[in-house]
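S.K.: A single structure is presented below for examination.
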Amino acid sequence: MVRVGILGATGYAALELIKILLRHPHAKITALTSRQEGNRNVHEVHPSLYGRLDLRCEDLAPAQVCERADFVFCALPHVASMEAVPALLDGGCRVVDLSADYRLNDPAVYETWYGHVHSDAARLGRTVYGLPELWAAKIPPERLIANPGCYTSTAILGLAALLHGGWVEPQGIIIDAKSGVSGAGRTPKLNTIFSECNEGVSAYSVGTRHRHLPEIEQVLSAVCGQPVDAIFTPHLIPMDRGIMATMYARLTRPAAEGELLEATRRFYEGKPFIRVVEHLPATKDSAHTNYCDMTVRVVKGQAIVIACLDNLIKGAAGVAVQNFNLMCGFPETMALL
């Protein structure tokens, strides 16, 4: 039995993580931390856990967490995460970090996009990006994994097969993505309260201003072996959860839809959480699951890829448990089907 700690246990992704781990036969949650909720029982923060987990959310230092846990999911915000992770590793814990603090390779790029000097910069570029569909072979021996984000997972998974196979140009890619309100986190914000976002759709961070753009370009560049350039526009949709990304890329040569679908299926062969479908996927199809659904269409010399996933599960907690399973030698699908 692996003793598991969760740092930042009060958020939406942490709740999904707890629910998955409660049904995992080889995981026991032994430590939950929070700086915001004092020492309240976790079911006071997440009432759906009443009668399922009797544990308090405590303001524990990393060294204290290491006394109680062997494996830690760090669900802290960026900057806070980089402050905790080194101490967790020094204390002997293995870590999956759900923040963006270890996803980028270049400390200067991190500082530019996140506005902070990275205090653990030596680990950037050495930390494996935890998207098992791409890097499963690299994950098992690692002590620290950078868990991907929800927008990034949707875009990367949708485009990786066609870029890797040389079917589409790596330049001029357009990613039009839409996310449910839970993607903005649990902290109240004016634009995410019901009366502001209901019955409306809005774009945000338009142009080159969204923090996920360098992450998307970095990973896809690694996939296809040449620089990828994309325009990424996120939108807020008045629903609880889910992401749909519609991506446009110029074909490098004439191709039929069937060829592109088959190439995508081959690329993801043996990957249990990718469903390449012929119909147009919807966010409801993958809601509350760890699946990413995708399809491809060809229109006027362009490949149009549509990908959907649950931002809290496949986009956060579910893939974190995939990484946990791979790191601990369990079947990748354990507790996720």
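The values are calculated or read from the model by the stated rules, or taken from the named source; none is laboratory data. Remember, it's a predicted structure, so these values are computed and weren't measured experimentally. Don't worry about glycine lacking a Cβ; one is built from the backbone with ideal geometry, like all the others, and counts go over all protein chains shown.
S.K.: Which of (1) out of contact with any Asp or Glu (no Cβ under 9 Å at 6 or more places or on another chain); (2) in a loop (DSSP other than H, G, I, E, B); (3) closer than 19 Å to residue 176 by Cβ; (4) in contact (Cβ under 8 Å) with a residue 24 or more places away in the chain does residue 219 not meet, given it meets every other one?
M.R.: The one condition residue 219 does not meet is (2).
S.K.: If I ask for residues that are of a type outside the set (Val, Ile, Thr) and either outside the structural domain of residue 35 (by TED's automatic domain parsing) or out of contact with any strand residue (DSSP E or B) (no Cβ under 9 Å at 6 or more places or on another chain) (or both), which ones from the stretch 65-80 would you list? If you could, list the steps in order and put the result at the bottom.
M.R.: Here is the first cut: in the stretch 65-80, the ones of a type outside the set (Val, Ile, Thr) are 66-71, 73-78, 80.
If the condition is that a residue be of a type outside the set (Val, Ile, Thr) and either outside the structural domain of residue 35 (by TED's automatic domain parsing) or out of contact with any strand residue (DSSP E or B) (no Cβ under 9 Å at 6 or more places or on another chain) (or both), then 77, 78 are the ones that fit.
S.K.: Here is a further query. Being over 13 Å from residue 14 (Cβ atoms) and either among the β-branched types (Val, Ile, Thr) or assigned to a strand (DSSP E or B) (or both) is the filter here, so list the residues in the stretch 24-37 that pass it.
M.R.: Correct list: 27, 28, 30.
S.K.: If you check every pair at least six apart or on different chains, which have Cβ atoms under 8 Å apart with a residue in the stretch 311-337 that is on the phi > 0 side of the Ramachandran plot first and a residue that is of a type in the set (D, E, K, R) second?
M.R.: 335/23
S.K.: Just to be sure, is residue 9 part of a loop (DSSP other than H, G, I, E, B) and surrounded by 16 or more Cβ atoms within 10 Å (Cβ to Cβ)? Before you say what the answer is, go through the steps one by one.
M.R.: Values: part of a loop (DSSP other than H, G, I, E, B): yes; surrounded by 16 or more Cβ atoms within 10 Å (Cβ to Cβ): yes.
Against the criterion (part of a loop (DSSP other than H, G, I, E, B) and surrounded by 16 or more Cβ atoms within 10 Å (Cβ to Cβ)), residue 9 qualifies.
Here's the yes/no breakdown for (1) assigned by TED's automatic domain parsing to the domain that holds residue 211; (2) outside any helix (DSSP H, G or I); (3) modelled with pLDDT of 95 or more:
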position: 39; (1), (2), (3): no, yes, no
position: 54; (1), (2), (3): no, yes, yes
position: 63; (1), (2), (3): no, no, yes
position: 85; (1), (2), (3): no, no, yes
position: 105; (1), (2), (3): no, yes, yes
position: 117; (1), (2), (3): no, yes, yes
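S.K.: Report every pair of residues separated by at least 6 positions or lying on different chains whose Cβ atoms are under 8 Å apart, first residue within the stretch 5-29 and farther than 13 Å from residue 311 by Cα and β-branched (Val, Ile, Thr), second modelled with pLDDT under 95 and assigned to a helix (DSSP H, G or I).
M.R.: 10/45
S.K.: Further question on the same structure: Given the structure, is residue 103 basic (Lys, Arg), touching a residue at least 24 places away in the same chain (Cβ under 8 Å) and surrounded by 19 or more Cβ atoms within 10 Å (Cβ to Cβ)? Before you say what the answer is, go through the steps one by one.
M.R.: Numbers: basic (Lys, Arg): yes; touching a residue at least 24 places away in the same chain (Cβ under 8 Å): yes; surrounded by 19 or more Cβ atoms within 10 Å (Cβ to Cβ): yes.
When the stated conditions are applied, residue 103 passes them.
S.K.: Right, another one. Go through the stretch 184-215 and report how many residues are modelled with pLDDT under 85, aliphatic (A, V, I, L, M) and closer than 21 Å to residue 310 by Cβ.
M.R.: 1
S.K.: While we're looking at this one, here's another question. Name every residue in the stretch 256-302 that is surrounded by fewer than 16 Cβ atoms within 10 Å (Cβ to Cβ), touching a residue at least 24 places away in the same chain (Cβ under 8 Å) and of a type in the set (A, V, I, L, M, F, W, C), in order of residue number.
M.R.: 256, 280, 282
S.K.: It is to be established whether one or more residues within the stretch 191-201 are assigned to a loop (DSSP other than H, G, I, E, B), of a type outside the set (Asp, Glu) and in contact with a helix residue (DSSP H, G or I) (Cβ under 8 Å, 6 or more places away or on another chain). Steps first, please.
M.R.: First, pick out the residues of the stretch 191-201 that are assigned to a loop (DSSP other than H, G, I, E, B): 193, 198-201.
Next, only the ones that are of a type outside the set (Asp, Glu) stay: 193, 198, 200-201.
Those left that are additionally in contact with a helix residue (DSSP H, G or I) (Cβ under 8 Å, 6 or more places away or on another chain): none.
No: zero hits.
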